[in-house]
1. I'd like to check which helices (runs of 4 or more DSSP H) are fully inside region 49-147 and have at least 2 residues that are charged (D, E, K, R), under 30 Å from E183 (Cα atoms) and at pLDDT below 95.
2. Step by step: first the residues of region 74-94, then only those that are more than 15 Å from the chain's Cα centre (by Cα) and open to solvent by less than 10 Å² (accessible area, probe 1.4 Å), then the one that is nearest to F158 (Cα to Cα). Which residue is that?
3. In region 100-111, how many residues are over 18 Å from the mean Cα position of the chain (by Cα) and open to solvent by less than 10 Å² (accessible area, probe 1.4 Å)?
4. Residue by residue through region 49-83, note down the ones that are hydrophobic (A, V, I, L, M, F, W, C) and either touching a His at 6+ places or on another chain (Cβ under 9 Å) or closer than 27 Å to K110 by Cβ (or both).
5. Determine whether region 7-25 contains at least one residue that is closer than 24 Å to T213 by Cβ, open to solvent by less than 20 Å² (accessible area, probe 1.4 Å) and more than 18 Å from the chain's Cα centre (by Cα).
6. Among what's in region 261-307 and is touching a helix residue (DSSP H, G or I) at 6+ places or on another chain (Cβ under 9 Å) and hydroxyl-bearing (S, T, Y), pick the residue that is nearest to Y27 (Cα to Cα).
7. Residue under question is P97, and the condition is that it be touching a Cys at 6+ places or on another chain (Cβ under 9 Å) and crowded, with 17+ Cβ neighbours inside 10 Å; does it hold?
8. Among the listed residues D230, D198, identify the single one that is acidic (D, E) and either surrounded by fewer than 17 Cβ atoms within 10 Å (Cβ to Cβ) or over 21 Å from V132 (Cα atoms) (or both).
Amino acid sequence: MIWLMWRMLGYWFMKRLGFPKMLPINYTVSLLYTCNSRCATCNVWKKKARNLTPDEYRKIFKSVGRAPYWITFSGGEPFLREDLDEVVTSIYQISRPRIINIPTNGILTKTIVEKTAAIAKACPKAQIIINVSIDGVEDQHDEIRRVPGNYKKAIATFNRLKALKLPNLSVGIHTVISKLNVESFASIATELMRLEPDSYITEIAEERVELDTIGADITPSLVNYKSAADFLIHRIKRSKFKGMNKITMAFRIEYYNLVKRIMRDKKQVLPCYSAVASAQISPDGDLWPCCVKATNMGNLRQSNYNFRKIWYSAEAELERRSIHRRECWCPLANAAYTNMLMDLPTLFRVFWRSQIKWWS
């Protein structure tokens, strides 16, 4: 923990002064655009890429070293990659992240359960988090995801993952709140929380370059989102969580309140540390500060897989300066958690809720 706090202090100086030069702590590795869902809130499946191979990922993360604390392996649908367990395991062996997060639509039940078990056993010192995406109950979920029978498969996947009972595995449920489900969110959340996931998380639907949803008009209104978020905050405070999940849910409360403020003010409410403490690697090796802007700071294939060369380049520094000047804003969850870690008032509130007074 002391090591983590020193890193946070280093990022504070890097963002403002340009030094010390540090590698990010939070990585999103987008493994592929291919997906077996056709969600109304996401068009990523329409995109094409020449995916990085396991050997290419090994070269990249040898350049990164032990910098990662949290790695998210996203898609598309990550479990469509037959070599998913090889990719994750090889990166773990090189970089030893403490947290590995993999979202899934839950359609490929057998594959998801088998690969999750293999990953959890091969990465014993990492907390493995599998979040099954469910955006509605029964037919509503299938209509949003545009895949008949998706809901039943997702529930079956969730139940089988929970049945694994592996000590370093956490199984959650993830809901994207959009114009398509925001008005019925209270009933959706109530039903899904009855399943007793290790964590229940939501993210607001956004127009993102990565998801090819610019102009899609999927983001709910502030009034509707506030109603949904306030309901969820109330339910979280009434629920009981243990260990790491208790801290995670305390951060979730902060995130939901933060999103409300961002949507109201339409600006960065907390300083954004994308391109400083967090970064994203696209399926074909482009290095982005985040997936909302998806600004290419350089291609890892073209740079001989040298992450540091791109990260410390003039192009990356220009992107950092732009973000520091608050020329962009968004409620992206992955980046927001890094930003909250860098904010002392937020950390105090998380500590208060998780350790002293959960219901405050």
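The values are calculated or read from the model by the stated rules, or taken from the named source; none is laboratory data. No experiment lies behind these values; they were computed from the predicted model shown. Positions of Cβ are generated from backbone atoms using ideal geometry, with glycine treated the same way; all protein chains shown enter the neighbour counts. Remember, those area values only see protein heavy atoms, side chains included, never the ligands or the DNA or RNA. Shrake-Rupley method; radii C 1.70, N 1.55, O 1.52, S 1.80 Å.
1. In region 49-147, there are no helices (runs of 4 or more DSSP H) which contain 2 or more residues that are charged (D, E, K, R), under 30 Å from E183 (Cα atoms) and at pLDDT below 95.
2. F79
3. 0
4. A49, L52, I71, F73, F79, L80
5. Checking region 7-25: not a single residue is closer than 24 Å to T213 by Cβ, open to solvent by less than 20 Å² (accessible area, probe 1.4 Å) and more than 18 Å from the chain's Cα centre (by Cα).
6. The residue in question is S278.
7. Against the criterion (touching a Cys at 6+ places or on another chain (Cβ under 9 Å) and crowded, with 17+ Cβ neighbours inside 10 Å), P97 qualifies.
8. That would be D230, the only listed residue that is acidic (D, E) and either surrounded by fewer than 17 Cβ atoms within 10 Å (Cβ to Cβ) or over 21 Å from V132 (Cα atoms) (or both).
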